[in-house]
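This report concerns only the one structure given below.
The values are calculated or read from the model by the stated rules, or taken from the named source; none is laboratory data. Values in this document were obtained by computation on a predicted structure and should not be read as measured data. Reconstructed Cβ throughout: ideal geometry from the backbone, glycine too, with neighbour counts over all protein chains shown. Surface areas here come from the heavy atoms of the whole protein model, side chains and all, with no ligands, DNA or RNA. Shrake-Rupley method; radii C 1.70, N 1.55, O 1.52, S 1.80 Å.
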Amino acid sequence: MAETYSSLHVHFVFSTKDRQPTLRADLRKRIWRYIGGIARKQELKAIEIGGAADHIHALLSMAPTMAPADAVKILKGNSSKWINESLGLPCRFERQEGYGAFSVSCSQIDKIVAYIRNQEKHHPKKSFQQEYLGFLKKHRIEYDERYIWS
């Protein structure tokens, strides 16, 4: 084939360091927009960015030339640097080391977008830990809970 065609959609989930609620409500929209800008500069399409006080969801359309690990490293690193340099938080902002990356079929994009947009509504009922374990189970990812939160 002379051309490369792909449809790669990944739902990334990553938390703040020790899942501390450091993403203040009054700053979240600015942070989500900034992460979307990072994605655009990397030739990724940010379909939806959102989250809650202790974690972020990013649904991206990706080119086949970028590994998911590289994409999330850039998003986490650049946004953390910007948050610390630009937002004047009382303490240093940090992210948890790991992340989740879940493939999304085209037929499920609208559902994931709605899910990300409704983070504030469903997190009073379900903790980030419960949500994350649910993703792992739904995607049939094996894990050992003794090590998942350290």
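Once the C-beta distance of ILE109 and HIS139 is scaled by a Förster radius of 25 Å, the resulting FRET efficiency is 0.95 to the nearest 0.05.
Taking each of LYS41/LYS125; LYS81/LYS138; LYS81/LYS137; LYS73/LYS138; LYS41/LYS137 in turn, the alpha-carbon distance tops 30 angstrom for LYS41/LYS125; LYS81/LYS138; LYS81/LYS137; LYS41/LYS137. Calculated translational diffusion coefficient of the stretch 55-123 (37 °C, 0.692 mPa s; Stokes-Einstein with Kirkwood radius over alpha-carbon pairs) equals 232 µm²/s.
Seen through its C-alpha gyration tensor, with square-root eigenvalues sorted a ≥ b ≥ c, the chain comes out oblate because a/c lies at 1.5 or above while a/b is not bigger than b/c. Think of each Lys and Arg Cβ as +1 and each Asp and Glu Cβ as -1; about the Cα centre, that makes the dipole of the chain roughly 420 debye.
Computed from backbone phi, the HN-Hα couplings of the stretch 87-102 come to 9, x, 5, x, 9, 5, 7, 9, 10, 5, 4, x, 6, x, 9, 10 Hz, rounded to whole numbers (Karplus: 6.51 cos²θ - 1.76 cosθ + 1.60, θ = phi - 60°; Gly and Pro given as x). Helical runs (DSSP H, four residues minimum) scored at -39500 (n - 2.57) apiece and divided by the length of the chain put the mean residue ellipticity at 222 nm at -13000 deg cm²/dmol. Using every pair of separate Cα atoms, the Kirkwood estimate puts the hydrodynamic radius of the stretch 1-70 at 13.2 angstrom.
Between amide H atoms placed 1.01 Å from N, distances below 5 Å from LEU8 occur with MET62, all of them 5 or more places distant or on a separate chain.
Per residue, the chain exposes an accessible area of 61 Å² to a 1.4 Å probe, with every protein chain left in place. So, with a 1.4 angstrom probe, what is the percent of accessible area on the chain that is carbon and sulfur? Carbon and sulfur: 50 percent of the exposed surface of the chain. Find the centroid of the Cα atoms in the stretch 102-150 and in the stretch 1-28, then give the distance between the two in whole Å. Distance between centres, Cα-based: 12 Å.
Positive end of the dipole of the chain (Cβ unit charges, origin at the Cα centre): among HIS139, GLY51, LEU87, the Cα lying farthest that way belongs to LEU87. Restriction of the GluC sites (Glu not before Pro) in the stretch 111-150 to DSSP coil positions whose beta-carbon has at most 15 other beta-carbons within 10 angstrom yields GLU142.
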